[in-house]
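S.K.: Okay, handing you the structure first.
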Amino acid sequence: MIGKQVLATLLATLWAVAPTGRVQEVRISPNGDETEIAVITNGDVEIRDFNLRDPARLILDVHGAVNELPEGTFEGIGRGGVVRLRTSQFTDDVVRLVFDLARPANYHTAGDGGRFTVRFTNPGGEFEPWSTNAVTSGTVAMLDRAPEPTPTRRTMSPVATQDAMGLERITVAYDSASMLEVLAGFSEFAGVSIVPSADAAGMTVQGVDIRDQRWDVALDAILASQGLGWRLQSEGILIVDKLEGIRARDTLQTETRVFKINYASADSVASTLERLATPNRGQVVPYLGANSVIVTDAPSVVARMDSLITNLDVRTPQVSIEAKIIFVDRTDVMELGIIYDLKDLQGNSINDVIGVPDPFNPGEITNETLVDLGGNSVAVLANANDRVLAPSLEILASVAFGDFSLSAWLQALEQHQLSDVQAAPTVQVVDNHNARIQVGEKTPIRVLDAGTGNTQAQATVQYEDTGIILDVTPHITNNNQILLDVSAERSGIQTEIPDVGFTFLKQIGQTRLLLDDGETMVIGGLTLSQVDRSETGIPFLMDIPVVGALFRTTKNSERKQDLIILVTPHIVN
């Protein structure tokens, strides 16, 4: 029985229609300040065009036609920006015309019957018209081409767009074509030199249909399907061979190259490249003095490292971080108390509130605390040791009865304190790196090591960062937003505990959030509120409702500390 593939090939051959068109002439002539290329055809044809930037080429594929022009290269045209022309019967029904240009050109096309024209700005001066019919056969350099097997179907329709890496994309399909034909098509399309091995040249490519892919990816896929690989030599020539041959070549050859690192650090790049190096053979050495990486390995490995370094060593964007740190300390104090002093006029007295004659220095009044025993009498002080410090109001009432005098002081104080401390630091940091802002001081802490046995005690000093500390790490996303890791801290020494050390008061806030460029984040709620209330007075009497207020001293103190942090990141272009 005849196989399905053989039957399909026979049917396609029987049903194939011979091309009806012919390519008869190519003309190059001036048209004002433009160069006009005219392709003269006969019959029903379709012309597709595309161009290459590097090298600069204009390619015309005439579909449904045979070539009546000499196949080869027309050298020495050198006019109107056209350097040379190459013609070939690309497939059974496609004629390819390749114009090498002096520089890339933006062109426009037009078709009218059997005349297809391409026009672009003339980069030179005036020139004489040129035509393939006017060129003698002796001036045509014919290309030596080996006879090729006739494929049942072969199409190659490049797309003149480029991807992000600047490589042309290609659409190809092969039912049955020799490897030489495939490689010749890619060489013409990409403008590279391809040298196949004897084993690769004798292979046939079948059943391949690749659409809109980078030409190097398409070539790699076709070669991989045949068990082949390719290696790019330093001169820019592609060597196509079996994978065993490629590995054997790489085993015998090594290449040493120095890569200059511009933005990343040489040691970080080197640690990444070491994973790609050939075991027990490849070497990757960072040279920090020039921020470079020295690589010695097989040429194919070095080429892969070169491509990877291009993606790793990119300019890192920076972020400018504007911070505003606000610390508000509010203290409200209210104190109210009554002090009583009972003395006799000539007898005992307790000198603590009212000055009395100093018994040791007659004639002088003393305010020191002392007891003067002058007879059988009573002297009394009430609330004398719990006064209002620096009172704003003092009222004195004094009553004399018999040999005694009773004095009473009413002391009152109300105080409001407000402290507002603000800092507005600005720091610029590389993406994905930490920025630290500290508004405060390093507090020395004495640490005592008691020692053991015969070891003497030793004292050392450690330093603790205190104050307002802000740690920010920005991450720029693909859509130019900023992901911030933020840690805010306010700390300070609170008290000292004997034989232990200091205690620290800390307020810490940590968060991660997503911001737009220039958007402000606010860290609030770092508030400390402390309320103190104390009452001291005469026992029993101070507890009497209503009247008890006359026999006690009341102190109220409220302290609030607020910390507000505002952070605004900006992407530095």
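S.K.: Students often forget the sequence filter, so: which lysines lie under 18 Å Cα-Cα from residue 442 once same-chain residues fewer than 8 apart are removed?
M.R.: Once the sequence-local lysines are set aside, what remains near residue 442 is 506.
S.K.: Residue by residue, what Karplus-based ³J(HN,Hα) values in Hz, rounded to whole numbers, does segment 282-288 have, using 6.51, -1.76 and 1.60 with θ = phi - 60° and x for Gly and Pro?
M.R.: x, 10, 10, 10, x, 10, 6
S.K.: Another question about this same structure. What FRET efficiency do you get for residue 68 and residue 187 if R0 is 30 Å and r is their Cβ-Cβ distance, rounded to the nearest 0.05?
M.R.: 0.75
S.K.: Would you rank 398, 300, 265 by solvent-accessible area, highest first, keeping every protein chain in place and using a 1.4 Å probe?
M.R.: I get 398, 265, 300, largest accessible area first.
S.K.: Then there is this: List the residues of segment 374-403 whose backbone N lies under 14 Å from a point placed 7 Å from the Cα of residue 414 along the Cα-to-Cβ direction.
M.R.: Answer for segment 374-403: 392-393.
S.K.: What does the accessible area of residue 263 come to, in Å² to the nearest 10, when a probe of 1.4 Å is used?
M.R.: 120 Å²
S.K.: Points 7 angstrom from Cα along the Cβ direction at residue 292 and residue 528: gap in nanometres?
M.R.: About 5.6 nm separates the two model spin labels.
S.K.: What figure in square angstrom, to the nearest 10, would you give for the accessible area of residue 340 with a 1.4 Å probe?
M.R.: 50 Å²
S.K.: What full-extension length gain, to one decimal in nm, is calculated for residue 401 and residue 280 as 0.36 nm per residue of separation minus the Cα-Cα distance?
M.R.: Here the answer is 32.4 nm.
S.K.: Assuming R0 = 25 Å, what is the FRET efficiency of residue 568 and residue 328, from their Cβ-Cβ distance, to the nearest 0.05?
M.R.: For residue 568 and residue 328, the calculated efficiency is 0.80.
S.K.: If I stretch the segment between residue 255 and residue 465 completely, what's the gain in nm (0.36 nm per residue apart, minus their alpha carbon distance), one decimal?
M.R.: 70.4 nm
S.K.: Distance from a point 7 Å along Cα→Cβ of residue 428 to each backbone N in segment 508-525: keep the residues under 19 Å and list them by number.
M.R.: Counting only backbone N, you get 517-519.
S.K.: Moving on. Which order, highest average first, do 483-490, 435-442, 57-64 follow once you tally other Cβ atoms within 10 Å for each residue and take the mean per peptide?
M.R.: Highest mean packing first, the order is 57-64, 483-490, 435-442.
S.K.: Lysines within cross-link reach of residue 242: Cα-Cα under 28 Å, excluding same-chain residues under 8 positions apart?
M.R.: none
S.K.: Evaluate E = 1/(1 + (r/R0)^6) for residue 211 and residue 315, where r is the Cβ-Cβ distance and R0 equals 25 Å; express this FRET efficiency to the nearest 0.05.
M.R.: 0.10
S.K.: Further, regarding this structure: Order the peptides 218-229, 306-317, 110-121 from the highest to the lowest mean number of other Cβ atoms within 10 Å of their residues.
M.R.: Going from most to least packed, we get 218-229, 110-121, 306-317.
The values are calculated or read from the model by the stated rules, or taken from the named source; none is laboratory data. Since we're looking at a predicted model, the values are computed, not measured. Positions of Cβ are backbone-derived with ideal geometry, glycine not excepted, and every protein chain shown enters the neighbour counts. Only protein heavy atoms, including side chains, enter the accessible area calculation; ligands, DNA and RNA are left aside. Shrake-Rupley method; radii C 1.70, N 1.55, O 1.52, S 1.80 Å.
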